[in-house]
1. Restricting to the stretch 254-263, and then to whatever is crowded, with 19+ Cβ neighbours inside 10 Å and touching a strand residue (DSSP E or B) at 6+ places or on another chain (Cβ under 9 Å), can you tell me which residue is nearest to residue 228 (Cα to Cα)?
2. Which of the residues belonging to the stretch 73-114 are modelled with pLDDT of 95 or more, outside any helix (DSSP H, G or I) and either over 20 Å from the mean Cα position of the chain (by Cα) or more than 15 Å from residue 128 (Cβ to Cβ) (or both)?
3. I'd like the full set of residues that are in contact with a helix residue (DSSP H, G or I) (Cβ under 6 Å, 6 or more places away or on another chain) and under 30 Å from residue 63 (Cα atoms), limited to the stretch 24-39.
4. Give me the residue from the stretch 3-17 that is touching a strand residue (DSSP E or B) at 6+ places or on another chain (Cβ under 7 Å) and in a helix (DSSP H, G or I) and, out of that set, surrounded by the most Cβ atoms within 10 Å (Cβ to Cβ).
5. Just checking, which of 45, 58, 20, 70 is touching a strand residue (DSSP E or B) at 6+ places or on another chain (Cβ under 6 Å) and either outside any strand (DSSP E or B) or at pLDDT 95 or above (or both)?
6. Give the residues of the stretch 264-300 that are in contact with a strand residue (DSSP E or B) (Cβ under 9 Å, 6 or more places away or on another chain) and free of Cβ contacts under 8 Å to residues at least 12 places away in the same chain, sorted by residue number.
7. If I filter the stretch 24-38 for residues that are modelled with pLDDT of 95 or more, farther than 30 Å from residue 135 by Cβ and surrounded by 18 or more Cβ atoms within 10 Å (Cβ to Cβ), do I get at least one hit?
């Protein structure tokens, strides 16, 4: 009797994992989730140092307790790192920014692990097959019976995908964003959703001339259009996205940023939390109306201190998005 192949599935989150577990698709199912578009992702760190930096940032933004976040990171990394003990590794990632950043991170890890030419060669004994399910469908809402067809249509990960993923991940973590911009404008056909995801990443740099990131501007526009409750604003902003990537907690991090600084752009009157956002109201301040109307610059009013991948944005290390390119600028 032939031995049944062992398959490790790494998914983009628990909702996908839970659907797969009920689908009849064979294998072991683990999720790997981090909002890599939010907070520092610096280069040059060991794996334990990297996990600590991420956990410290996420804890500082109230995503959870530091020890809990670090322990989850360690579990998810250990699950992914176990892939050589399986016959096949299958990655499940969507087309949006959140997923594409995790995808290039994992492709870079696979590229560094062994000879990329061997990873997708089923005739190479002792080397697991590596496969990818990448789609413009959102996996989380799928019914269990919809997963087997996607699994059957999985494709081998190619050396070209590994190389592009590794280059993009290195560029994403660099202090100079122009390398990533070059990748976005080059040949990304091996990963057809990557360029669009990176475009959305660059759109969250402070724009010329108002200093707002796209996510910040969408929040202000939603409030200006009449949305006041956090859940209403969140839904309105999701409706402005070509590829929805931001969850409710990262959204609230942006709202809180807009509510801070010497000249806040929004005012908060919030109450108890309902599900994963608070009750209450978010309103535009006078400064918020001025910035939204183009009469003032957000960075000039409040300064800036946040990370875009490996780029620490500050008044002395400021980059702005022109609508078509990123360039260094003074505050």
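The values are calculated or read from the model by the stated rules, or taken from the named source; none is laboratory data. Here the structure is a predicted model, which means the values were calculated and not measured. Don't worry about glycine lacking a Cβ; one is built from the backbone with ideal geometry, like all the others, and counts go over all protein chains shown.
1. 255
2. 82, 86, 87, 88, 89, 92, 93, 94, 95, 96
3. Residues satisfying the conditions are 29, 30, 31, 32, 35, 36, 37, 38, 39.
4. 16
5. The conditions single out 20.
6. 271, 272, 273 - these are the residues of the stretch 264-300 that are in contact with a strand residue (DSSP E or B) (Cβ under 9 Å, 6 or more places away or on another chain) and free of Cβ contacts under 8 Å to residues at least 12 places away in the same chain.
7. Checked against the condition, which is being modelled with pLDDT of 95 or more, farther than 30 Å from residue 135 by Cβ and surrounded by 18 or more Cβ atoms within 10 Å (Cβ to Cβ), the stretch 24-38 yields no hits at all.
Residue-by-condition table, conditions (1) at pLDDT below 95; (2) within 25 Å of residue 15 (Cβ to Cβ); (3) surrounded by fewer than 17 Cβ atoms within 10 Å (Cβ to Cβ):
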{"position": "241", "(1), (2), (3)": "no, yes, yes"}
{"position": "265", "(1), (2), (3)": "no, no, no"}
{"position": "282", "(1), (2), (3)": "no, no, no"}
{"position": "291", "(1), (2), (3)": "no, no, no"}
{"position": "317", "(1), (2), (3)": "yes, no, yes"}
{"position": "320", "(1), (2), (3)": "no, no, no"}
